[in-house]
Amino acid sequence: MQSARIIGIGTYLPDRRLTNRDLEGMVETSDEWITTRTGIRERRLAERGEATSHLAHRAGLAALADAGVEPADVDLLLVGTSSPDMVFPSTAALTQTLLGLGCPAYDVMAACTSFVYALHTGTTAIESGRARTVLVIGADALTRHVDFDDRATCVLFGDGAGAVVLQAADEPGVLGIDLGADGTGADMLRIPAGGSAMPCTEERVREGQHYLRMAGNEVFKFAVRVIPKTAERALAQSGLTTDDVTWLIPHQANQRILDTVADRMGMPHDRVVSTIELTGNTSAASIPLAMGDLYTSGNLRPGDVLALVGFGAGLTWGAAVVRWTKEVR
Ligand code: UT7
C-alpha cells in the first residue's frame, strides 16, 4: 500500500489587521481582557470582495510552488471550510478554477476540524491508490459570520488559509488519524439561520440568527477533554506515545486551551505550537497556518513527529500524526 506524505506547505493571511485596541472602540471590552483570557492581540480580516475561495487560492498556490507540483499533476482538491463562498457551488470548485486545476474538487465541512477531516480524506484517496497527488486546503472567513456587537465572540475570530500537498510515497508520512463527531453537542456552537432548517428572513436577520453563536465555556471544557484523547488514539494507531511527539499543533482557539492541554498531556509548553497571538481563531485554517509558521521559521526537521489536533462545532474532533520527511528549507 502507498503512504501519503506532505511535500509542500503554503499559507495566506489577508493584509487587513484588527487589533484589540480597535475592538475596544467597537464593544465593551479591553486589550487586557482579550489578551489574558485568550492570548489574542490581533487578527486578520478578509478584504471587501475577498471570499473564502480567494484565501484558499492564495494558500493553495503557495503550497503547489513549495512542493514544485504543476497544476496538471494534482489528482484531487479538497477544501476544508465552514464559511463557503455560497451554499453552492462548492468553494473547492471555485478554488479549482482559480488555481487552474482540472481535477475533481469538493468541500469537507467539519467546522474547525475541517482540515483534519480533509487530510483524512486525502490520505485515504492516496492509500487506496485512487490519487497520487492531493491538494488539501483549510480556509475560513468566519469574521463574515461574526456579530461585531457580541463581545463574547467578535474578539476571537480571524480569517486565513493554509494548505498542504500530499503525495504518494513508499516512506510513511501520515502515520495515523483519529476522527470523531457527536451531534448531541450541536447547540454549543452554531450559525442557526441561513440553511434549510432556518432560511434567512428579514425577521431572523433582525434577531441576529444568521450570526455565529457559541457557549464559550462549554466549548472550552469539551476542547481540553477531547484534545488529549484524540491525540492519544492517533498516536496509538501510529505505534507512538506523547513522548515521541516533537510538535503538538492544536487548533488555535485560545491560548489557555493550549496551555491546559500541554499540562494534561505532560508536554513542555515550548513544544506546543502557538500562533494565536497574531491570527486569532482562523477555524479550518489554523492548523495548516501553524504548521506553515513552524516550517518557515526553520524549526521543522526531517524525522520530526507532528500531532495535529482539531476540534469544533458539530461537535467534531480529530487528530493526525505526521512524520515530517521534507528537507529543511
Ligand atoms: O474554534 C472552536 C471554538 N471556540 C473555542 O474553542 C472557544 C472556547 N472558549 C473560550 O475560548 C472561552 O470560553 C472564551 C474566550 C470564549 C470566554 O472566556 P471565559 O473565561 O470562558 O469567559 P466567560 O464566558 O466565563 O465570561 C467571563 C466574563 C463574563 O462576565 P460576567 O458574567 O462574569 O460579569 C463575560 O460577560 O467575561 C465577560 N466577557 C468579556 N469581558 C470583556 C466575555 N467576553 C468579553 C470580552 N471583553 N470580550
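The values are calculated or read from the model by the stated rules, or taken from the named source; none is laboratory data. Just so we're clear, the structure is a prediction, and the values are computed from it rather than from any experiment. We place every Cβ from the backbone using ideal geometry, glycine too, and count neighbours over all the protein chains shown.
Annotations
- Pairs with Cβ under 8 Å, 6+ apart, first in the range 33-54 and free of Cβ contacts under 8 Å to residues at least 60 places away in the same chain, second within 16 Å of the ligand (Cβ to nearest atom) and assigned to a loop (DSSP other than H, G, I, E, B): THR35/ARG41
- Every residue from the range 274-328 that is within 11 Å of the ligand (Cβ to nearest atom) and of a type in the set (Ser, Thr, Tyr): THR282, SER283, SER286, THR316
- Residue match in the range 236-249 (condition: surrounded by 24 or more Cβ atoms within 10 Å (Cβ to Cβ) and modelled with pLDDT of 95 or more): yes
- Among the candidates THR29, THR52, residue that is within 14 Å of the ligand (Cβ to nearest atom) and either at positive phi or out of contact with any Phe, Trp or Tyr (no Cβ under 9 Å at 6 or more places or on another chain) (or both): THR29
- Any chance ARG37 is closer than 20 Å to CYS154 by Cβ, within 14 Å of the ligand (Cβ to nearest atom) and under 17 Å from the mean Cα position of the chain (by Cα): no
One line per residue, one yes/no per condition, for (1) crowded, with 17+ Cβ neighbours inside 10 Å; (2) within 15 Å of the ligand (Cβ to nearest atom); (3) closer than 29 Å to ASP159 by Cβ:
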| position | (1), (2), (3) |
| --- | --- |
| GLN252 | yes, yes, yes |
| ARG256 | no, yes, yes |
| VAL261 | yes, yes, yes |
| ARG264 | no, no, no |
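- Every test in (1) touching a residue at least 60 places away in the same chain (Cβ under 8 Å); (2) within 19 Å of the chain's Cα centre (by Cα) is passed by PHE220 save one, and that test is (1).
- For the range 78-116, a residue qualifies if it is touching a residue at least 60 places away in the same chain (Cβ under 8 Å), assigned to a loop (DSSP other than H, G, I, E, B) and under 17 Å from ASP159 (Cβ atoms), and the qualifying residues are THR81, SER82, SER83.
- Scan of the range 274-299 for residues that are among the aliphatic types (A, V, I, L, M) and crowded, with 24+ Cβ neighbours inside 10 Å, ordered by number: ILE276, ALA284, ALA285, ILE287, LEU289, ALA290, MET291
- Scanning the range 140-170 for residues that are farther than 16 Å from ALA313 by Cβ and either modelled with pLDDT under 95 or hydrophobic (A, V, I, L, M, F, W, C) (or both) returns PHE148, CYS154, VAL155, ALA161, ALA163, VAL164, VAL165, LEU166, ALA168, ALA169, ASP170.
- VAL87 more than 19 Å from the chain's Cα centre (by Cα), closer than 25 Å to SER196 by Cβ and more than 14 Å from the ligand (Cβ to nearest atom): yes
- Set side by side, the residues LEU61, LEU119 differ, and just one is crowded, with 23+ Cβ neighbours inside 10 Å, assigned to a helix (DSSP H, G or I) and of a type outside the set (Asp, Glu), which is LEU119.
- Filtered residues of the range 1-44 (kept if closer than 24 Å to LEU258 by Cα and part of a loop (DSSP other than H, G, I, E, B)): LEU13, THR29, SER30, GLY39, ILE40, ARG41
- Pair list, Cβ under 9 Å, 6 or more apart: the range 189-203 residue over 20 Å from CYS154 (Cβ atoms), other residue loosely packed, with under 12 Cβ neighbours inside 10 Å: GLY195/VAL87
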